[in-house]
1. Restrict the check to the range 403-425 and report whether at least one residue is away from ligand 2 (no atom under 16 Å from the Cβ) and aromatic (F, W, Y).
2. Out of the residues in the range 464-486 that are farther than 12 Å from K510 by Cα, touching a residue at least 12 places away in the same chain (Cβ under 8 Å) and part of a helix (DSSP H, G or I), which is least open to solvent (accessible area, probe 1.4 Å)?
3. Since D443 meets every condition but one in (1) part of a helix (DSSP H, G or I); (2) charged (D, E, K, R); (3) crowded, with 17+ Cβ neighbours inside 10 Å, which condition does it not meet?
4. Looking at F74, is it at pLDDT below 80, of a type in the set (F, W, Y), loosely packed, with under 12 Cβ neighbours inside 10 Å and in a helix (DSSP H, G or I)?
5. May I ask you to verify whether S239 is open to solvent by less than 10 Å² (accessible area, probe 1.4 Å) and modelled with pLDDT of 85 or more?
6. Within the range 505-521, can one find any residue that is open to solvent by 30 Å² or more (accessible area, probe 1.4 Å), aromatic (F, W, Y) and away from ligand 3 (no atom under 16 Å from the Cβ)?
7. May I ask you to list pairs of residues, at least six apart or on different chains, whose Cβ atoms are under 6 Å apart, with the first in the range 349-375 being more than 15 Å from A298 (Cα to Cα) and the second being aromatic (F, W, Y)?
8. List every residue pair whose Cβ atoms lie under 6 Å apart, where the two residues are 6 or more positions apart in sequence or sit on different chains, the first residue falls within the range 229-249 and is farther than 16 Å from A270 by Cα, and the second residue, located anywhere, is of a type outside the set (A, V, I, L, M) and assigned to a strand (DSSP E or B).
Amino acid sequence: MILSVTNTLLSENVKLLKSEVSKTALQGVLIAIAAIIIGTCFSSLLITGEISLAGIVIVQKQNSVLWVLDCIPFIFGFWGQYSSSMIAYQAGALVFEQTEDLRNKTNDLVKQANYINTHDLVTDLPNRNLFYDRVARAIISVTNNSQLLAILLVEIENFKEVYDTLGRNSSDVILKQLSTRLQAVSPEQDCVAKIDGNVFGILLTSFTDISEIDRLAQAIQSALEKPFMVERLAFSVHSNVGIVHFPEHGDDVDALVQRAGVALELAQSAHKGYAFYSPELDKHSTKRLTLMSELRRAIERNELVLFYQAKMTIKTGKLYGAEALLRWQHPIHGLISPDEFIEMAERTRLITQVTPWVLKQSFQDAAQWHKQGKDLKISVNLSTKDLHDPELPDVITGIAAATGIKPEWIMLEITESSVMRDPEHALEIIKRLHKIGYQFSMDDFGTGYSSLAYLKKMPLTELKIDRSFVSDILSSENDAVIVNATINLAHNLGLQVTAEGVESKEIIDKLSEYGCDIAQGYYLNKPMSFENFNQWLADRP
Ligand code: C2E
Ligand code: CA
Ligand code: CA
(Lines give C-alpha, C1' and ligand atoms only; values in the text may rest on other atoms or scores of the structure.)
(Ligands and ions follow the chains in the order given, each with its own letter.)
Protein backbone atom coordinates (compact mmCIF):
# COMPACT_ATOMS: atom_id res chain seq x y z
CA MET A 1 0.00 0.00 0.00
CA ILE A 2 2.66 2.49 1.18
CA LEU A 3 4.90 1.32 -1.69
CA SER A 4 2.32 1.97 -4.41
CA VAL A 5 1.55 5.42 -2.98
CA THR A 6 5.27 6.24 -2.93
CA ASN A 7 5.70 5.04 -6.53
CA THR A 8 2.78 7.14 -7.76
CA LEU A 9 4.16 10.14 -5.91
CA LEU A 10 7.55 9.52 -7.45
CA SER A 11 6.29 9.31 -11.05
CA GLU A 12 4.27 12.50 -10.43
CA ASN A 13 7.43 14.21 -9.22
CA VAL A 14 9.39 13.02 -12.27
CA LYS A 15 6.64 14.42 -14.54
CA LEU A 16 6.77 17.72 -12.68
CA LEU A 17 10.54 17.92 -12.94
CA LYS A 18 10.42 17.02 -16.65
CA SER A 19 7.87 19.70 -17.40
CA GLU A 20 10.04 22.27 -15.55
CA VAL A 21 13.12 21.35 -17.60
CA SER A 22 11.01 21.17 -20.82
CA LYS A 23 9.84 24.72 -20.13
CA THR A 24 13.48 25.92 -20.04
CA ALA A 25 14.23 23.97 -23.26
CA LEU A 26 11.18 25.58 -24.91
CA GLN A 27 12.45 29.01 -23.95
CA GLY A 28 15.77 28.06 -25.62
CA VAL A 29 13.90 27.05 -28.81
CA LEU A 30 11.97 30.33 -28.84
CA ILE A 31 15.18 32.35 -28.39
CA ALA A 32 16.81 30.35 -31.23
CA ILE A 33 13.81 31.01 -33.54
CA ALA A 34 13.93 34.70 -32.60
CA ALA A 35 17.69 34.72 -33.41
CA ILE A 36 17.00 33.12 -36.86
CA ILE A 37 14.29 35.68 -37.65
CA ILE A 38 16.44 38.63 -36.53
CA GLY A 39 19.56 37.20 -38.30
CA THR A 40 17.68 36.53 -41.56
CA CYS A 41 15.98 39.96 -41.55
CA PHE A 42 19.31 41.68 -40.84
CA SER A 43 21.06 39.75 -43.70
CA SER A 44 18.18 40.60 -46.06
CA LEU A 45 18.60 44.31 -45.18
CA LEU A 46 22.36 44.15 -45.74
CA ILE A 47 22.26 42.28 -49.03
CA THR A 48 19.03 43.49 -50.75
CA GLY A 49 18.68 46.84 -48.93
CA GLU A 50 15.20 45.92 -47.62
CA ILE A 51 13.39 43.46 -45.34
CA SER A 52 10.99 41.54 -47.58
CA LEU A 53 9.93 37.97 -48.18
CA ALA A 54 11.87 37.91 -51.48
CA GLY A 55 14.95 39.30 -49.74
CA ILE A 56 14.66 36.70 -46.96
CA VAL A 57 14.39 33.86 -49.55
CA ILE A 58 17.49 35.19 -51.36
CA VAL A 59 19.65 35.38 -48.20
CA GLN A 60 18.46 32.01 -47.02
CA LYS A 61 19.54 30.48 -50.38
CA GLN A 62 22.90 32.31 -50.54
CA ASN A 63 24.06 32.28 -46.86
CA SER A 64 25.03 28.83 -45.63
CA VAL A 65 25.75 30.21 -42.10
CA LEU A 66 22.00 30.81 -41.75
CA TRP A 67 21.39 27.09 -42.39
CA VAL A 68 23.37 26.31 -39.27
CA LEU A 69 21.29 28.91 -37.44
CA ASP A 70 18.14 27.23 -38.80
CA CYS A 71 19.19 23.92 -37.26
CA ILE A 72 19.64 25.37 -33.75
CA PRO A 73 15.93 25.25 -32.64
CA PHE A 74 15.84 21.54 -33.59
CA ILE A 75 19.08 20.94 -31.68
CA PHE A 76 17.73 22.91 -28.70
CA GLY A 77 14.41 21.05 -28.87
CA PHE A 78 16.01 17.61 -29.01
CA TRP A 79 18.74 18.42 -26.47
CA GLY A 80 16.15 20.03 -24.14
CA GLN A 81 13.90 17.00 -24.28
CA TYR A 82 16.78 14.60 -23.78
CA SER A 83 18.42 16.44 -20.90
CA SER A 84 15.07 17.11 -19.21
CA SER A 85 14.37 13.39 -19.19
CA MET A 86 17.89 12.63 -17.92
CA ILE A 87 17.82 15.22 -15.13
CA ALA A 88 14.31 14.26 -14.10
CA TYR A 89 15.18 10.55 -13.95
CA GLN A 90 18.43 11.18 -12.10
CA ALA A 91 16.63 13.42 -9.61
CA GLY A 92 13.84 10.85 -9.37
CA ALA A 93 16.33 8.07 -8.67
CA LEU A 94 18.01 10.17 -6.03
CA VAL A 95 14.70 10.96 -4.33
CA PHE A 96 13.66 7.32 -4.62
CA GLU A 97 16.89 6.17 -3.00
CA GLN A 98 16.55 8.63 -0.17
CA THR A 99 12.86 7.82 0.29
CA GLU A 100 13.69 4.14 0.45
CA ASP A 101 16.34 4.90 3.06
CA LEU A 102 13.92 7.00 5.04
CA ARG A 103 11.23 4.34 4.74
CA ASN A 104 13.61 1.71 6.11
CA LYS A 105 14.54 3.95 9.00
CA THR A 106 10.85 4.69 9.71
CA ASN A 107 10.06 0.99 9.62
CA ASP A 108 12.85 0.34 12.12
CA LEU A 109 11.55 3.10 14.38
CA VAL A 110 7.99 1.79 14.15
CA LYS A 111 9.23 -1.71 15.02
CA GLN A 112 11.24 -0.31 17.94
CA ALA A 113 8.25 1.70 19.21
CA ASN A 114 6.06 -1.39 18.92
CA TYR A 115 8.60 -3.40 20.87
CA ILE A 116 8.84 -0.79 23.62
CA ASN A 117 5.04 -0.66 23.84
CA THR A 118 4.72 -4.37 24.18
CA HIS A 119 7.84 -5.52 26.02
CA ASP A 120 9.65 -5.04 29.27
CA LEU A 121 13.06 -3.73 28.29
CA VAL A 122 14.94 -5.22 31.24
CA THR A 123 13.81 -8.82 30.81
CA ASP A 124 12.69 -8.67 27.14
CA LEU A 125 9.48 -10.36 28.23
CA PRO A 126 6.05 -9.25 26.98
CA ASN A 127 4.70 -6.45 29.16
CA ARG A 128 1.25 -5.88 30.66
CA ASN A 129 -0.26 -4.61 27.34
CA LEU A 130 0.87 -7.62 25.37
CA PHE A 131 -0.07 -9.98 28.21
CA TYR A 132 -3.62 -8.59 28.36
CA ASP A 133 -3.84 -8.85 24.60
CA ARG A 134 -2.72 -12.49 24.65
CA VAL A 135 -5.14 -13.36 27.44
CA ALA A 136 -7.98 -11.71 25.47
CA ARG A 137 -7.08 -13.74 22.37
CA ALA A 138 -6.74 -16.91 24.41
CA ILE A 139 -10.20 -16.35 25.90
CA ILE A 140 -11.69 -16.12 22.41
CA SER A 141 -10.00 -19.31 21.29
CA VAL A 142 -10.98 -21.13 24.50
CA THR A 143 -14.61 -20.22 23.92
CA ASN A 144 -14.30 -21.86 20.54
CA ASN A 145 -12.33 -24.95 21.49
CA SER A 146 -13.62 -25.56 25.04
CA GLN A 147 -10.12 -26.01 26.46
CA LEU A 148 -8.89 -24.87 29.91
CA LEU A 149 -7.11 -21.58 30.54
CA ALA A 150 -5.37 -20.22 33.62
CA ILE A 151 -3.47 -17.12 34.70
CA LEU A 152 -0.78 -17.22 37.36
CA LEU A 153 0.57 -14.02 38.85
CA VAL A 154 3.98 -14.39 40.45
CA GLU A 155 4.90 -11.61 42.84
CA ILE A 156 8.37 -11.07 44.28
CA GLU A 157 7.37 -9.89 47.71
CA ASN A 158 10.71 -8.58 48.91
CA PHE A 159 11.77 -7.01 45.61
CA LYS A 160 11.77 -3.48 47.05
CA GLU A 161 14.19 -4.64 49.72
CA VAL A 162 16.41 -6.22 47.07
CA TYR A 163 16.24 -3.02 45.00
CA ASP A 164 17.09 -0.82 47.97
CA THR A 165 20.02 -3.03 48.87
CA LEU A 166 21.43 -3.69 45.42
CA GLY A 167 20.47 -0.64 43.43
CA ARG A 168 19.05 -0.61 39.94
CA ASN A 169 21.67 -2.40 37.86
CA SER A 170 22.07 -5.40 40.10
CA SER A 171 18.36 -5.78 40.75
CA ASP A 172 17.87 -5.75 36.97
CA VAL A 173 20.26 -8.70 36.85
CA ILE A 174 18.05 -10.51 39.37
CA LEU A 175 14.98 -9.71 37.29
CA LYS A 176 16.64 -11.23 34.23
CA GLN A 177 17.56 -14.37 36.16
CA LEU A 178 14.04 -14.54 37.53
CA SER A 179 12.54 -14.35 34.06
CA THR A 180 14.84 -17.09 32.79
CA ARG A 181 13.89 -19.40 35.67
CA LEU A 182 10.19 -18.72 35.15
CA GLN A 183 10.49 -19.44 31.43
CA ALA A 184 12.34 -22.65 32.22
CA VAL A 185 9.57 -24.06 34.43
CA SER A 186 6.66 -22.79 32.33
CA PRO A 187 5.27 -25.43 30.01
CA GLU A 188 4.38 -23.11 27.15
CA GLN A 189 6.76 -20.96 25.17
CA ASP A 190 6.10 -17.23 25.24
CA CYS A 191 3.66 -17.54 28.09
CA VAL A 192 5.63 -15.56 30.67
CA ALA A 193 5.21 -11.78 30.86
CA LYS A 194 6.36 -9.06 33.21
CA ILE A 195 3.30 -7.08 34.09
CA ASP A 196 4.51 -4.85 36.88
CA GLY A 197 7.70 -3.84 38.71
CA ASN A 198 7.74 -7.02 40.79
CA VAL A 199 4.94 -9.09 39.24
CA PHE A 200 5.18 -11.65 36.44
CA GLY A 201 2.19 -13.13 34.64
CA ILE A 202 1.97 -16.62 33.22
CA LEU A 203 -0.75 -17.58 30.78
CA LEU A 204 -1.54 -21.28 30.44
CA THR A 205 -3.69 -22.40 27.55
CA SER A 206 -3.04 -26.07 27.11
CA PHE A 207 -3.68 -28.02 30.25
CA THR A 208 -6.45 -30.42 31.02
CA ASP A 209 -6.43 -30.84 34.76
CA ILE A 210 -6.38 -28.28 37.62
CA SER A 211 -3.79 -30.40 39.43
CA GLU A 212 -1.31 -29.48 36.69
CA ILE A 213 -1.53 -25.85 37.81
CA ASP A 214 -0.91 -26.93 41.39
CA ARG A 215 2.25 -28.70 40.25
CA LEU A 216 3.36 -25.67 38.23
CA ALA A 217 2.85 -23.34 41.20
CA GLN A 218 5.01 -25.65 43.31
CA ALA A 219 7.62 -25.83 40.55
CA ILE A 220 7.71 -22.02 40.37
CA GLN A 221 8.17 -21.80 44.13
CA SER A 222 11.06 -24.23 44.15
CA ALA A 223 12.66 -22.66 41.04
CA LEU A 224 12.71 -19.29 42.77
CA GLU A 225 13.80 -20.66 46.11
CA LYS A 226 17.44 -21.09 45.10
CA PRO A 227 19.43 -17.91 45.77
CA PHE A 228 20.24 -15.49 42.94
CA MET A 229 23.90 -14.63 42.42
CA VAL A 230 24.81 -11.00 41.84
CA GLU A 231 28.33 -9.69 42.17
CA ARG A 232 29.34 -12.94 43.89
CA LEU A 233 26.68 -12.41 46.54
CA ALA A 234 23.70 -14.69 47.04
CA PHE A 235 20.25 -13.14 47.31
CA SER A 236 17.03 -14.93 48.18
CA VAL A 237 13.66 -13.72 47.00
CA HIS A 238 10.30 -14.45 48.51
CA SER A 239 7.57 -15.13 45.98
CA ASN A 240 3.79 -15.60 46.04
CA VAL A 241 1.65 -17.07 43.30
CA GLY A 242 -2.00 -16.11 42.72
CA ILE A 243 -4.04 -18.29 40.37
CA VAL A 244 -7.31 -17.91 38.46
CA HIS A 245 -8.84 -20.05 35.78
CA PHE A 246 -11.30 -19.36 33.04
CA PRO A 247 -14.27 -19.35 32.97
CA GLU A 248 -14.88 -20.10 36.70
CA HIS A 249 -13.20 -16.96 37.99
CA GLY A 250 -14.22 -14.43 35.36
CA ASP A 251 -15.02 -14.18 31.69
CA ASP A 252 -12.91 -11.24 30.58
CA VAL A 253 -9.29 -10.15 30.91
CA ASP A 254 -9.91 -7.40 33.45
CA ALA A 255 -11.94 -9.58 35.79
CA LEU A 256 -9.45 -12.43 35.53
CA VAL A 257 -6.34 -10.34 36.13
CA GLN A 258 -8.01 -8.39 38.95
CA ARG A 259 -9.01 -11.64 40.65
CA ALA A 260 -5.58 -13.10 40.09
CA GLY A 261 -4.42 -10.07 42.09
CA VAL A 262 -6.85 -11.02 44.86
CA ALA A 263 -5.52 -14.59 44.75
CA LEU A 264 -2.04 -13.11 45.11
CA GLU A 265 -3.10 -11.42 48.34
CA LEU A 266 -4.57 -14.68 49.57
CA ALA A 267 -1.27 -16.34 48.70
CA GLN A 268 0.60 -13.88 50.92
CA SER A 269 -0.99 -15.40 53.98
CA ALA A 270 -1.16 -18.97 52.64
CA HIS A 271 1.68 -21.08 53.99
CA LYS A 272 2.10 -22.82 50.62
CA GLY A 273 2.93 -19.47 49.05
CA TYR A 274 0.29 -19.89 46.35
CA ALA A 275 -3.49 -19.66 46.28
CA PHE A 276 -6.41 -20.00 43.91
CA TYR A 277 -8.94 -17.20 43.74
CA SER A 278 -11.87 -17.73 46.04
CA PRO A 279 -14.98 -15.53 45.88
CA GLU A 280 -15.67 -16.11 49.60
CA LEU A 281 -12.31 -14.68 50.53
CA ASP A 282 -12.47 -11.81 48.07
CA LYS A 283 -12.36 -8.61 50.02
CA HIS A 284 -12.60 -6.64 46.78
CA SER A 285 -16.29 -7.35 46.37
CA THR A 286 -18.15 -5.28 43.82
CA LYS A 287 -19.51 -3.07 46.58
CA ARG A 288 -15.99 -2.26 47.70
CA LEU A 289 -14.83 -1.52 44.19
CA THR A 290 -17.72 0.89 43.60
CA LEU A 291 -17.08 2.39 47.00
CA MET A 292 -13.53 3.18 45.94
CA SER A 293 -14.64 5.02 42.84
CA GLU A 294 -17.08 6.94 45.05
CA LEU A 295 -14.51 7.74 47.73
CA ARG A 296 -12.72 10.07 45.34
CA ARG A 297 -15.89 12.13 45.05
CA ALA A 298 -16.73 11.72 48.74
CA ILE A 299 -13.80 13.97 49.64
CA GLU A 300 -14.98 16.69 47.27
CA ARG A 301 -18.60 16.31 48.41
CA ASN A 302 -17.68 16.61 52.06
CA GLU A 303 -19.00 13.17 52.96
CA LEU A 304 -16.10 12.34 55.27
CA VAL A 305 -16.52 13.11 59.00
CA LEU A 306 -14.27 12.80 62.00
CA PHE A 307 -15.60 11.21 65.19
CA TYR A 308 -13.78 11.68 68.47
CA GLN A 309 -13.25 9.25 71.33
CA ALA A 310 -12.01 10.38 74.72
CA LYS A 311 -8.74 9.39 76.39
CA MET A 312 -8.68 9.65 80.17
CA THR A 313 -5.76 9.77 82.62
CA ILE A 314 -6.49 6.83 84.92
CA LYS A 315 -4.84 8.22 88.06
CA THR A 316 -6.64 11.56 88.06
CA GLY A 317 -9.77 10.75 86.09
CA LYS A 318 -9.07 13.86 84.01
CA LEU A 319 -9.59 14.08 80.30
CA TYR A 320 -6.24 13.62 78.50
CA GLY A 321 -7.32 14.04 74.91
CA ALA A 322 -9.28 12.43 72.09
CA GLU A 323 -8.60 10.18 69.14
CA ALA A 324 -9.89 11.30 65.75
CA LEU A 325 -11.60 8.38 64.00
CA LEU A 326 -12.70 8.66 60.43
CA ARG A 327 -16.23 7.92 59.17
CA TRP A 328 -17.78 8.17 55.74
CA GLN A 329 -21.33 9.48 55.68
CA HIS A 330 -22.39 7.70 52.49
CA PRO A 331 -25.62 8.98 50.89
CA ILE A 332 -26.92 5.40 50.35
CA HIS A 333 -25.00 3.06 52.65
CA GLY A 334 -25.06 5.39 55.66
CA LEU A 335 -22.13 5.66 58.08
CA ILE A 336 -19.24 3.52 56.80
CA SER A 337 -16.48 2.41 59.18
CA PRO A 338 -12.84 3.10 58.27
CA ASP A 339 -12.19 -0.65 58.40
CA GLU A 340 -14.24 -0.89 55.21
CA PHE A 341 -12.33 1.65 53.15
CA ILE A 342 -8.95 2.64 54.64
CA GLU A 343 -7.13 -0.50 53.51
CA MET A 344 -8.56 -0.22 50.02
CA ALA A 345 -7.75 3.49 49.91
CA GLU A 346 -4.16 2.56 50.68
CA ARG A 347 -4.09 0.05 47.90
CA THR A 348 -5.49 2.51 45.36
CA ARG A 349 -3.32 5.37 46.61
CA LEU A 350 -6.48 7.34 47.41
CA ILE A 351 -5.07 7.52 50.93
CA THR A 352 -2.86 10.38 49.68
CA GLN A 353 -6.08 12.42 49.53
CA VAL A 354 -7.74 10.97 52.64
CA THR A 355 -4.88 11.60 55.10
CA PRO A 356 -4.50 15.32 54.29
CA TRP A 357 -8.26 15.67 54.74
CA VAL A 358 -8.11 13.94 58.16
CA LEU A 359 -5.12 16.06 59.21
CA LYS A 360 -6.79 19.30 58.14
CA GLN A 361 -10.08 18.53 59.87
CA SER A 362 -8.52 17.26 63.10
CA PHE A 363 -6.09 20.21 63.27
CA GLN A 364 -9.02 22.61 62.74
CA ASP A 365 -10.98 20.94 65.54
CA ALA A 366 -7.90 20.93 67.81
CA ALA A 367 -7.44 24.65 67.15
CA GLN A 368 -11.06 25.30 68.10
CA TRP A 369 -10.79 23.33 71.36
CA HIS A 370 -7.61 25.11 72.34
CA LYS A 371 -9.17 28.47 71.52
CA GLN A 372 -11.95 27.57 73.97
CA GLY A 373 -9.32 26.75 76.60
CA LYS A 374 -9.78 22.97 76.35
CA ASP A 375 -6.31 21.48 76.60
CA LEU A 376 -6.89 18.27 74.63
CA LYS A 377 -4.19 16.21 72.96
CA ILE A 378 -5.63 15.04 69.64
CA SER A 379 -4.52 11.64 68.35
CA VAL A 380 -4.52 11.26 64.58
CA ASN A 381 -4.07 7.92 62.79
CA LEU A 382 -1.52 7.68 60.02
CA SER A 383 -1.59 4.79 57.57
CA THR A 384 1.20 2.61 56.17
CA LYS A 385 1.52 4.56 52.91
CA ASP A 386 1.70 7.90 54.74
CA LEU A 387 4.84 6.86 56.56
CA HIS A 388 6.57 6.21 53.27
CA ASP A 389 5.61 9.50 51.68
CA PRO A 390 8.62 11.83 51.94
CA GLU A 391 6.29 14.80 51.51
CA LEU A 392 4.33 14.03 54.69
CA PRO A 393 6.34 16.35 56.99
CA ASP A 394 5.83 19.27 54.57
CA VAL A 395 2.11 18.46 54.21
CA ILE A 396 1.70 18.40 57.99
CA THR A 397 3.69 21.61 58.47
CA GLY A 398 1.59 23.36 55.83
CA ILE A 399 -1.70 22.26 57.42
CA ALA A 400 -0.47 23.23 60.88
CA ALA A 401 0.41 26.72 59.66
CA ALA A 402 -2.94 27.09 57.90
CA THR A 403 -4.97 25.98 60.93
CA GLY A 404 -2.79 27.66 63.57
CA ILE A 405 -2.16 24.60 65.74
CA LYS A 406 0.94 23.83 67.78
CA PRO A 407 2.64 20.47 67.14
CA GLU A 408 2.51 19.61 70.85
CA TRP A 409 -1.30 19.45 70.69
CA ILE A 410 -1.04 16.49 68.33
CA MET A 411 -0.17 12.80 68.83
CA LEU A 412 0.40 10.91 65.57
CA GLU A 413 -0.59 7.23 65.79
CA ILE A 414 1.43 4.77 63.76
CA THR A 415 1.43 0.97 63.74
CA GLU A 416 4.25 -1.53 63.99
CA SER A 417 3.45 -3.10 60.65
CA SER A 418 3.43 0.27 58.87
CA VAL A 419 6.89 1.03 60.23
CA MET A 420 8.30 -2.45 59.63
CA ARG A 421 7.39 -2.45 55.95
CA ASP A 422 10.27 -0.05 55.28
CA PRO A 423 11.78 0.84 58.67
CA GLU A 424 14.62 3.07 57.46
CA HIS A 425 12.44 5.47 55.45
CA ALA A 426 9.62 5.44 57.99
CA LEU A 427 12.08 6.23 60.76
CA GLU A 428 13.48 9.13 58.78
CA ILE A 429 10.02 10.69 58.34
CA ILE A 430 9.11 10.08 61.99
CA LYS A 431 12.33 11.73 63.15
CA ARG A 432 11.77 14.75 60.91
CA LEU A 433 8.29 15.28 62.39
CA HIS A 434 9.49 14.62 65.93
CA LYS A 435 12.19 17.25 65.51
CA ILE A 436 9.56 19.91 64.88
CA GLY A 437 7.53 18.90 67.91
CA TYR A 438 5.07 16.15 66.91
CA GLN A 439 4.67 13.22 69.29
CA PHE A 440 4.20 9.62 68.23
CA SER A 441 2.15 6.77 69.60
CA MET A 442 2.64 3.11 68.67
CA ASP A 443 -0.91 1.91 67.99
CA ASP A 444 -2.23 -1.68 68.18
CA PHE A 445 0.89 -2.75 70.07
CA GLY A 446 1.26 -6.50 70.25
CA THR A 447 -0.57 -7.33 67.02
CA GLY A 448 2.25 -6.70 64.55
CA TYR A 449 5.66 -8.24 64.33
CA SER A 450 7.18 -6.18 67.11
CA SER A 451 10.82 -5.35 66.84
CA LEU A 452 12.14 -4.16 70.14
CA ALA A 453 15.23 -2.87 68.38
CA TYR A 454 13.13 -0.44 66.33
CA LEU A 455 10.93 0.40 69.30
CA LYS A 456 14.04 1.66 71.04
CA LYS A 457 15.25 3.59 68.01
CA MET A 458 11.96 5.42 67.48
CA PRO A 459 11.20 8.71 69.19
CA LEU A 460 7.92 7.51 70.74
CA THR A 461 5.89 9.12 73.49
CA GLU A 462 3.21 6.49 73.88
CA LEU A 463 2.47 2.83 73.45
CA LYS A 464 -1.16 1.82 72.83
CA ILE A 465 -2.08 -1.69 73.87
CA ASP A 466 -4.42 -3.28 71.36
CA ARG A 467 -8.00 -3.77 72.46
CA SER A 468 -7.86 -7.50 71.72
CA PHE A 469 -5.61 -7.91 74.82
CA VAL A 470 -7.34 -5.29 76.97
CA SER A 471 -10.92 -6.48 76.61
CA ASP A 472 -10.01 -9.96 77.92
CA ILE A 473 -7.72 -9.12 80.84
CA LEU A 474 -10.36 -10.11 83.34
CA SER A 475 -11.06 -13.51 81.80
CA SER A 476 -7.75 -14.48 80.24
CA GLU A 477 -4.72 -15.00 82.43
CA ASN A 478 -2.53 -14.84 79.32
CA ASP A 479 -3.84 -11.47 78.20
CA ALA A 480 -3.49 -10.09 81.72
CA VAL A 481 0.17 -11.16 81.74
CA ILE A 482 0.76 -9.62 78.30
CA VAL A 483 -0.86 -6.32 79.29
CA ASN A 484 1.04 -6.15 82.56
CA ALA A 485 4.36 -6.97 80.87
CA THR A 486 3.73 -4.45 78.08
CA ILE A 487 3.03 -1.70 80.60
CA ASN A 488 6.30 -2.50 82.37
CA LEU A 489 8.22 -2.66 79.12
CA ALA A 490 6.82 0.72 78.00
CA HIS A 491 7.61 2.34 81.30
CA ASN A 492 11.15 0.98 81.18
CA LEU A 493 11.51 2.58 77.75
CA GLY A 494 10.20 5.85 79.17
CA LEU A 495 6.86 5.67 77.36
CA GLN A 496 3.33 6.35 78.59
CA VAL A 497 0.76 3.60 78.06
CA THR A 498 -2.78 3.88 76.72
CA ALA A 499 -5.05 0.87 76.92
CA GLU A 500 -7.74 0.90 74.24
CA GLY A 501 -11.01 -1.04 74.21
CA VAL A 502 -11.74 -0.37 77.86
CA GLU A 503 -15.35 -1.41 78.24
CA SER A 504 -15.92 -1.57 82.01
CA LYS A 505 -15.04 -0.11 85.37
CA GLU A 506 -13.45 -3.44 86.36
CA ILE A 507 -11.02 -3.23 83.45
CA ILE A 508 -10.01 0.31 84.44
CA ASP A 509 -9.41 -0.88 88.01
CA LYS A 510 -7.23 -3.74 86.80
CA LEU A 511 -5.30 -1.39 84.48
CA SER A 512 -4.81 1.03 87.32
CA GLU A 513 -3.42 -1.82 89.43
CA TYR A 514 -0.91 -2.54 86.60
CA GLY A 515 0.13 1.12 86.52
CA CYS A 516 -1.42 1.90 83.09
CA ASP A 517 -1.52 5.66 82.40
CA ILE A 518 -4.42 6.30 80.05
CA ALA A 519 -7.67 4.53 79.18
CA GLN A 520 -9.76 4.76 76.01
CA GLY A 521 -12.90 2.79 75.25
CA TYR A 522 -16.66 2.46 75.24
CA TYR A 523 -16.70 2.66 79.04
CA LEU A 524 -15.76 6.35 78.73
CA ASN A 525 -17.55 7.09 75.48
CA LYS A 526 -18.14 5.75 72.01
CA PRO A 527 -16.59 7.72 69.14
CA MET A 528 -18.91 10.66 68.34
CA SER A 529 -19.10 13.70 66.08
CA PHE A 530 -17.36 16.97 67.00
CA GLU A 531 -20.67 18.53 68.10
CA ASN A 532 -21.71 15.50 70.20
CA PHE A 533 -18.26 15.30 71.73
CA ASN A 534 -18.59 18.95 72.81
CA GLN A 535 -21.97 18.14 74.30
CA TRP A 536 -20.47 15.13 76.08
CA LEU A 537 -17.71 17.39 77.45
CA ALA A 538 -20.26 19.90 78.66
CA ASP A 539 -22.32 17.17 80.38
CA ARG A 540 -19.30 15.74 82.21
CA PRO A 541 -19.25 16.41 85.93
P1 C2E B 1 -7.80 2.02 65.89
O2 C2E B 1 -6.85 3.14 65.64
O3 C2E B 1 -7.30 0.87 66.67
O4 C2E B 1 -9.06 2.68 66.53
C5 C2E B 1 -9.73 2.14 67.60
C6 C2E B 1 -10.93 1.41 67.11
O7 C2E B 1 -11.51 0.71 68.20
C8 C2E B 1 -11.99 2.36 66.62
O9 C2E B 1 -12.67 1.73 65.56
C10 C2E B 1 -12.91 2.49 67.80
O11 C2E B 1 -14.23 2.81 67.47
C12 C2E B 1 -12.83 1.10 68.39
N13 C2E B 1 -13.09 1.10 69.81
C14 C2E B 1 -12.83 2.08 70.70
N15 C2E B 1 -13.18 1.71 71.94
C16 C2E B 1 -13.69 0.46 71.85
C17 C2E B 1 -14.23 -0.42 72.81
O18 C2E B 1 -14.32 -0.18 74.00
N19 C2E B 1 -14.63 -1.62 72.35
C20 C2E B 1 -14.55 -1.95 71.05
N21 C2E B 1 -14.98 -3.14 70.67
N22 C2E B 1 -14.05 -1.13 70.11
C23 C2E B 1 -13.62 0.08 70.52
P24 C2E B 1 -12.96 2.49 64.24
O25 C2E B 1 -13.30 3.90 64.53
O26 C2E B 1 -13.90 1.65 63.47
O27 C2E B 1 -11.57 2.51 63.52
C28 C2E B 1 -11.03 1.34 63.06
C29 C2E B 1 -9.65 1.55 62.56
O30 C2E B 1 -9.65 2.38 61.39
C31 C2E B 1 -8.78 2.31 63.53
O32 C2E B 1 -8.34 1.46 64.49
C33 C2E B 1 -7.70 2.84 62.63
O34 C2E B 1 -6.74 1.85 62.40
C35 C2E B 1 -8.44 3.09 61.35
N36 C2E B 1 -8.73 4.51 61.25
C37 C2E B 1 -9.69 5.22 61.86
N38 C2E B 1 -9.60 6.51 61.52
C39 C2E B 1 -8.55 6.63 60.69
C40 C2E B 1 -7.94 7.72 59.99
O41 C2E B 1 -8.33 8.87 60.09
N42 C2E B 1 -6.86 7.44 59.20
C43 C2E B 1 -6.37 6.19 59.09
N44 C2E B 1 -5.34 6.00 58.32
N45 C2E B 1 -6.91 5.14 59.73
C46 C2E B 1 -7.99 5.36 60.51
CA1 CA C 1 -5.58 4.48 66.48
CA1 CA D 1 -5.65 0.77 68.01
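1. The answer is yes; a qualifying residue exists.
2. T486
3. All conditions pass for D443, except number (1).
4. Numbers: at pLDDT below 80: yes; of a type in the set (F, W, Y): yes; loosely packed, with under 12 Cβ neighbours inside 10 Å: yes; in a helix (DSSP H, G or I): yes.
Here the answer is yes, as F74 does meet what is asked.
5. Considered against the rule, which asks whether it is open to solvent by less than 10 Å² (accessible area, probe 1.4 Å) and modelled with pLDDT of 85 or more, S239 comes out as yes.
6. So far as the range 505-521 goes, yes, one or more of its residues are open to solvent by 30 Å² or more (accessible area, probe 1.4 Å), aromatic (F, W, Y) and away from ligand 3 (no atom under 16 Å from the Cβ).
7. D365/F530; A366/W409
8. Within 6 Å, the pairs are F235/F228.
The values are calculated or read from the model by the stated rules, or taken from the named source; none is laboratory data. Just so we're clear, the structure is a prediction, and the values are computed from it rather than from any experiment. Cβ: placed from backbone, ideal geometry, glycine included. Neighbour counts: every protein chain shown. When the accessible area is computed, the model is the full protein with side chains, heavy atoms only, and any ligands, DNA or RNA have been set aside. Shrake-Rupley method; radii C 1.70, N 1.55, O 1.52, S 1.80 Å.
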